[in-house]
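Enquirer: If you scroll down you'll find the structure; I have some questions about it.
The values are calculated or read from the model by the stated rules, or taken from the named source; none is laboratory data. Keep in mind that what you see is a predicted model, and the values were worked out from it rather than measured. So basically every Cβ, Gly included, is an ideal-geometry build from the backbone, and we count neighbours across all protein chains shown. Please note that ligands, DNA and RNA were not included when accessible areas were found on the heavy atoms of the full protein model with its side chains. Shrake-Rupley method; radii C 1.70, N 1.55, O 1.52, S 1.80 Å.
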Amino acid sequence: MFSASVFLKDMKNFIFTLGGVRIGSGADNGFGGQYTGYQKTTQYNGGSSKVKGFELNYTQQFTFLPGFWSGFSAYANYTRLAAEGQYGAGGAISPTNNNTVAAASTKELAGFVPENANAGLSYIRRGITVRINYSYSGRRLQSYNATQSLLVYQLAAKTVNIRTVFRATKHFDVYFDVNNVFNQPSFVREFFGGRPNTMSVLSPQVLFGINGRL
């Protein structure tokens, strides 16, 4: 099966993450005078936005092949979108001011992934299941700030996972999984202009065990 689709969404009051805000001093700082100098990350509703893009999907079961090969199947999908909006009130999609969020420094929408792809190969036959999955997510705006230098971006990420299951009996399965096979960072974030922000590295995880059923 192969499918393709296009979409256009008009949204109002979209939710976005606002980061890089320093808590001021004084009893009226919103926290009873506490947490002076802390950095606050919270969420707000934005104004109007548009999201447009396309999606491609492919799935194939190779049951027409002889013997051993008939247990294979494959899938792939790809999504690309363009999202823009304004972080203040009103209907126009442009950087504006309002009483809650200062002048916008970008029309990009925080939290929207502009490019996403997945692909996999699986084998299911005679009680054996093996799945290899690859996923990719593109660079995107992670958190917004009215000051351009405080915009935080999450860099593109690639991950490969392996899932295996062996049906030992009608009541028990044995599984063995490996997450993040190639030891890729779970996320890397940077400020506008490429200045480092944070990195999280999750080593490959090996999971194994037995599932039972009545």
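Enquirer: For a quick check of your reading of the model, give me the residue pairs whose first member lies in the range 23-49 and is closer than 30 Å to residue 84 by Cβ, whose second is of a type in the set (Gly, Ala, Ser) and surrounded by fewer than 13 Cβ atoms within 10 Å (Cβ to Cβ), with beta-carbon atoms closer than 6 Å and at least 6 apart or on different chains.
Expert: 47/90; 48/91
Enquirer: Out of all the residues in the range 32-53, which are closer than 14 Å to residue 11 by Cα and either open to solvent by 30 Å² or more (accessible area, probe 1.4 Å) or not small (Gly, Ala, Ser) (or both)? Before you say what the answer is, go through the steps one by one.
Expert: Filtering the range 32-53 down to residues closer than 14 Å to residue 11 by Cα leaves 45-52.
Listed by number, the residues that qualify are 45, 50, 51, 52.
Enquirer: Let me ask you something else. Could you check, for the range 107-116, whether at least one of its residues is open to solvent by less than 80 Å² (accessible area, probe 1.4 Å), at pLDDT below 90, within 19 Å of the chain's Cα centre (by Cα) and on the phi > 0 side of the Ramachandran plot?
Expert: For the range 107-116, residues open to solvent by less than 80 Å² (accessible area, probe 1.4 Å), at pLDDT below 90, within 19 Å of the chain's Cα centre (by Cα) and on the phi > 0 side of the Ramachandran plot: present.
Enquirer: For the range 160-177, indicate whether the set of residues that are open to solvent by less than 80 Å² (accessible area, probe 1.4 Å) and closer than 15 Å to residue 111 by Cα is non-empty.
Expert: no
Enquirer: Is it true that residue 149 is of a type in the set (Ser, Thr, Tyr), closer than 30 Å to residue 51 by Cα, modelled with pLDDT under 95 and open to solvent by 50 Å² or more (accessible area, probe 1.4 Å)?
Expert: Details: of a type in the set (Ser, Thr, Tyr): yes; closer than 30 Å to residue 51 by Cα: yes; modelled with pLDDT under 95: yes; open to solvent by 50 Å² or more (accessible area, probe 1.4 Å): yes.
Yes, satisfied.
Enquirer: If you don't mind, another one. Of everything in the range 37-83, what is assigned to a loop (DSSP other than H, G, I, E, B) and more than 32 Å from the chain's Cα centre (by Cα)? Give them in sequence order.
Expert: If we filter the range 37-83 for residues that are assigned to a loop (DSSP other than H, G, I, E, B), which is where we start, we get 37-38, 46-47, 62-66.
The answer is 63, 64, 65, 66.
Enquirer: Same structure, new question: Taking the condition of being of a type in the set (Ser, Thr, Tyr) and open to solvent by 40 Å² or more (accessible area, probe 1.4 Å), how many residues in the range 59-86 meet it?
Expert: First, the residues of the range 59-86 that are of a type in the set (Ser, Thr, Tyr): 59, 63, 70, 73, 75, 78-79.
Then drop every residue that is not open to solvent by 40 Å² or more (accessible area, probe 1.4 Å), which leaves 59, 63, 75, 78.
Number of matching residues: 4.
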